[in-house]
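Heads up: the structure comes next, in C-alpha cells.
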Amino acid sequence: MTTESPTAMRRLLPADMVERGACPFDPPAGLRELRGKSAVQPLTLANGAPVWLVTGLEEARAVLGDTRFSSDRVRHPDATRPGPAAPQVESRTDGMFVFMDPPEHTRLRRLLTGQFTVRRMRALESRIREIAVEHLEAMRAAGTEADLVPAYALPIPSLVICEMLGVDYADRDQFQTNTAIALNADTPDDERARAGLELYGFIQKLVDAKKSEPGDDMLSGLIHDADPPLTDAQLVDMALVLLGAGHETTANMLALGTFALLENPGQLAALRDDPDLLDNAVEELLRFLSIIQMGVSRVATEDLVIAGVDIPAGATVIIATPEANRDPRHWDDPDQLDVRRRRVSHLAFGHGVHQCLGQQLARVELKVGLGELLTRLPGLRLAVPADQVPLRNEMLIFGVHSLPVTWAPDMSEAGPPAATGRRERRKLATRAALREAALRLAARHGVERVTVEQIAAEADVAVRTFFNYFSSREEALVATLAAGAEALIAEFRARPPAESVLTALREAALRVLRAGDLAGGEQVQALRLIVRAPSLEPQRLAVFAAQEKALTAAIAERVPAAPGARYPALCAATTLTAMRLVLDEWLDSAAGSPAGLRESLDEVMAELAAGLDRPGVRLVDS
C-alpha cells in the first residue's frame, strides 16, 4: 500500500505534533511551539528511532529538491523500520512511483505528466462545473440543509478522477471506503491489509477488462501505449495512487476550506464581493490549511548538512508541512487567513521531482467547487456549532468527517445584502453588459457563431475582462438565457389568480420560445436546473419528466434533425413543461383557483406547440 510508511510514521509521532486543537485550521500545538527556533531539529519517535524535523520553508524545499534525500522505501527504509538496510535491489517491478527515485520514478511519472497539463485541466473546467452544479441543485431540491462532505465535497473529485481513469463511478463505495481505512492511522494492521487487498483486487479487475476492451481513458492509455509495456503490478499500483490521491486530497480541501471561510466571515464576504479573488483564495487556503500532515519524509543517502545541521547517512527527515507553510520569514501574519494576500509559493503540493502531479486539477476543482458553492447557496452557514464539527485528526490527510450546513431557500431570504460599493457596482454592470452583448450577438448571428472576442467588443471591454466573469462563451450564453428564463418563471409565479395568469403565461412562453432560437442545447440544461431548484415533491418532478419526454418525442417526429432546427424545439419542450409544473404547484397552493385553468393552459400549450409544425423558421411569429 502507498500509505504503509506514512501511516506508520504518523503513529510514531508525538500526539501534540499531529493532532490539531481548539482551532482546527492551525498547525498542532507541538509544531507551533517550535516556531522561532531552529528550522531543523532532532526528534525521537515512539519506537526510539531518531529523526530530524524540518519546520522552515526554505529548509523544506532544500530537502525536497535534493535527490540525495531518497523517497525509495525499498532501498532506503525510514525510521518506521529501524535496523540494517535492505539487500540491494536491482530494479523495482512495482508501480509505487511516489516511493521511487530517478530514473525509475522519472520513467513512470513521465507516462502521466501529459494527462495533467494546465491546458488539459482548463479544458476539464466545464465538466467539473457541470458536476458541481448538478450536486448543488440536488442539494437545493432536497431542502435547505445537507452534510457537505458526502453531498458535494467528495463527489466532485471522485467523479472527475473516475472519468479520467475509466473507473465506473457506481463502484465508488469500494474504493472510497477502503481508501479511508488505509489512510486512518488508528486502523489495525490486519484490517489495513484486508482493505489493501480489496483495493488491489478492484483495480486488477479493471485492468483485465481494459486489456480486452480499452476506452478513451488514462488507464487504457497506460495499458496499450506504454513502451516498454507496464506490468500488471505497475498498472495497479499507479492506478491506486492516482485514484486515492485524486479524490481524498481535494475532497478534504474543499470541505475544510468551506469550513474555514464560514468561520472567517470577513474573508468570506470579501470573496463574495470580488469573485476575482478566487484564484488567490484557493492558494491562500492551500497554504493556511496544509491538509497533508506529517507523512512526507526522506532518507539521507549520504552525510548532508541542512541549515547548518548535520544529517547523517541513513537518517530520516520529516517535513512539517503545516508549520513550514506558516514560516514567518516568508509571510506576514502567517496565522491569519487573508484571501487578498500576495501569492507566494507554498508546500501544499510539495516540491522537487515529487511535486504533486495533479496540482493543476486540484486547483481547478477547488476554484470551481468553492465558486459555485458560494454563488448557488445563499446565506450558507454551519448547521451545528463549530466545535461539533468532527475533525480527521486520526487520518493522514486532515479535514472534517462531516460538515453540516444550511442555507436560505432563495436569495430573498439570504439576509440583507452587504453594502455595495462603487467597485462592486461596476463589476455588476460589466457582467450585465457582457450578458446583454452575448444575447444581442446570438440574436443577430446565431449562437454557434458568437465568439468571445465578439462579446467583448460588443460590450466594449477587453477580452481578458470577459474571462474575469465567464470561463467560456458557452458559460456567458447559458448565464444570460438561464437568468432570462428564471426571471420569466418568477414573473409568472407572482401573477394573481385571475384570467391575467393565462395572458402572462402566453406572453412569457412566447418570449422564452423566441429565446429558444438563440439558446441551443444549453438552455435545456439551464431550465432543468431552474425547475428543480424549488423544494418540489419527487412526484412532481416525475410528472415534469414524463411531460417533457412526451413533448420531446412529439417534437422529434415533427422537426428535422438539421443543425439549428431541433435544439430550439427541445428548449421549447422544457420551457413549456417547466411552466406547467410551476402552474400546477401554484394551483395546488392557491385557494379557489379559477375553474378550467388547467384546461386553458393545455390549450395554450397546444397553440404554442403548433408552431413546431413549421421547421426551418422561427418557432413562433414575432
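The values are calculated or read from the model by the stated rules, or taken from the named source; none is laboratory data. Computed from a prediction, not measured in an experiment: that's the story for all the values here. Here the Cβ positions follow ideal geometry from the backbone for every residue, glycine too, while neighbour counts run over all protein chains shown. Note: accessible area is taken over every heavy atom of the protein model, side chains too, but ligands, DNA and RNA are not part of it. Shrake-Rupley method; radii C 1.70, N 1.55, O 1.52, S 1.80 Å.
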Subject >> Conditions (1) out of contact with any Gly (no Cβ under 6 Å at 6 or more places or on another chain); (2) modelled with pLDDT of 90 or more; (3) open to solvent by less than 30 Å² (accessible area, probe 1.4 Å); number of the one not met by residue 378 >> reply: (2)
Subject >> Conditions (1) assigned to a helix (DSSP H, G or I); (2) surrounded by fewer than 17 Cβ atoms within 10 Å (Cβ to Cβ): number failed by residue 228 >> reply: (1)
**OP:** Mind listing just one residue for me: the one in the stretch 23-40 that is touching a residue at least 60 places away in the same chain (Cβ under 8 Å) and not in a loop (DSSP other than H, G, I, E, B) and, of those, farthest from the chain's Cα centre (by Cα)?
**Re:** 40
Subject >> Members of the stretch 138-153 found to be under 18 Å from residue 361 (Cα atoms) and modelled with pLDDT under 90, listed by number >> reply: none
**OP:** Quick one: in the stretch 89-105, of everything that is of a type in the set (D, E, K, R) and open to solvent by less than 40 Å² (accessible area, probe 1.4 Å), which residue is nearest to residue 203 (Cα to Cα)?
**Re:** 94
Original post:
Given the conditions (1) within 26 Å of residue 359 (Cβ to Cβ); (2) at pLDDT 90 or above; (3) open to solvent by 30 Å² or more (accessible area, probe 1.4 Å), which single one is not true for residue 238?
Top reply: (3)
**OP:** Determine which single condition residue 184 fails, assuming it passes every other condition in (1) modelled with pLDDT of 85 or more; (2) surrounded by 17 or more Cβ atoms within 10 Å (Cβ to Cβ).
**Re:** (1)
Original post:
Here are some residues: 141, 170, 151. Which one is in contact (Cβ under 8 Å) with a residue 12 or more places away in the chain and under 27 Å from residue 392 (Cα atoms)?
Top reply: 151
**OP:** Just name the residue that is least open to solvent (accessible area, probe 1.4 Å) out of those in the stretch 1-22 that are among the charged types (D, E, K, R) and assigned to a helix (DSSP H, G or I).
**Re:** 10
Subject >> Segments classed as helices (runs of 4 or more DSSP H), wholly inside the stretch 255-350, with at least 1 members that are without any contact (Cβ under 8 Å) to a residue 40 or more places away in the chain and open to solvent by 10 Å² or more (accessible area, probe 1.4 Å) >> reply: 265-273
